[in-house]
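Working notes, beginning with the structure itself.
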Amino acid sequence: FDVGWLKTVDQYYYGANSSIQVAGVQYILDSVVASLQQNPALQVIYCEVSFFSRWWRSRARRCEPVVKQLVAEGRYRLGNGGMCMHDEA
């Protein structure tokens with residue numbers, strides 16, 4: 001989900017205003033971590049750091065050890081180092 005493309009960052013993150021687009025990024029990130037825990041063969045590269053940082057602040061206490069382990073294993077990677085994915089089209 002492009003940060004702020006059709007909706008505000010908050011609307012994408014919390015899943016508000018679904019008449020424009022159905023998206024609740026916080027739930028997607030929850031699902032990604034759960035899926036990575038369940039299946040050791042999976043990997044993910046995530047580029048939207050603006051969403052990840054918001055998710056991390058709200059969930060770090062309970063998810064921190066798991067996410068840090070996934071990062072150390074190279075199974076959860078944060079790509080491009082920016083707040084959102086670059087538009088290189």
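The values are calculated or read from the model by the stated rules, or taken from the named source; none is laboratory data. Keep in mind that this is a model prediction, so the values were computed, not measured. Please note: Cβ atoms are built from the backbone with ideal geometry, for glycine as well, and neighbour counts cover all protein chains shown. The area values use the complete protein model at the heavy-atom level, side chains included, leaving out ligands, DNA and RNA. Shrake-Rupley method; radii C 1.70, N 1.55, O 1.52, S 1.80 Å.
Computed quantities for the displayed model
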{"item": "Only one of Arg77, Arg57 that is loosely packed, with under 15 Cβ neighbours inside 10 Å and out of contact with any strand residue (DSSP E or B) (no Cβ under 8 Å at 6 or more places or on another chain)", "result": "Arg57"}
{"item": "Filter pass, Val9 being within 20 Å of Met85 (Cβ to Cβ), surrounded by 13 or more Cβ atoms within 10 Å (Cβ to Cβ), β-branched (Val, Ile, Thr) and out of contact with any Pro (no Cβ under 7 Å at 6 or more places or on another chain)", "result": "yes"}
{"item": "Matching residues, the range 43-54, being of a type in the set (S, T, N, Q) and open to solvent by 70 Å² or more (accessible area, probe 1.4 Å)", "result": "Gln43"}
{"item": "Contacts under 6 angstrom Cβ, first residue in the range 10-26 being in contact (Cβ under 8 Å) with a residue 12 or more places away in the chain, partner open to solvent by less than 50 Å² (accessible area, probe 1.4 Å) and of a type in the set (S, T, N, Q), 6 or more apart", "result": "Tyr13/Gln26"}
{"item": "Residue that is nearest to the chain's Cα centre (by Cα) [pool: residues in the range 12-42 that are open to solvent by less than 40 Å² (accessible area, probe 1.4 Å) and hydroxyl-bearing (Ser, Thr, Tyr)]", "result": "Tyr13"}
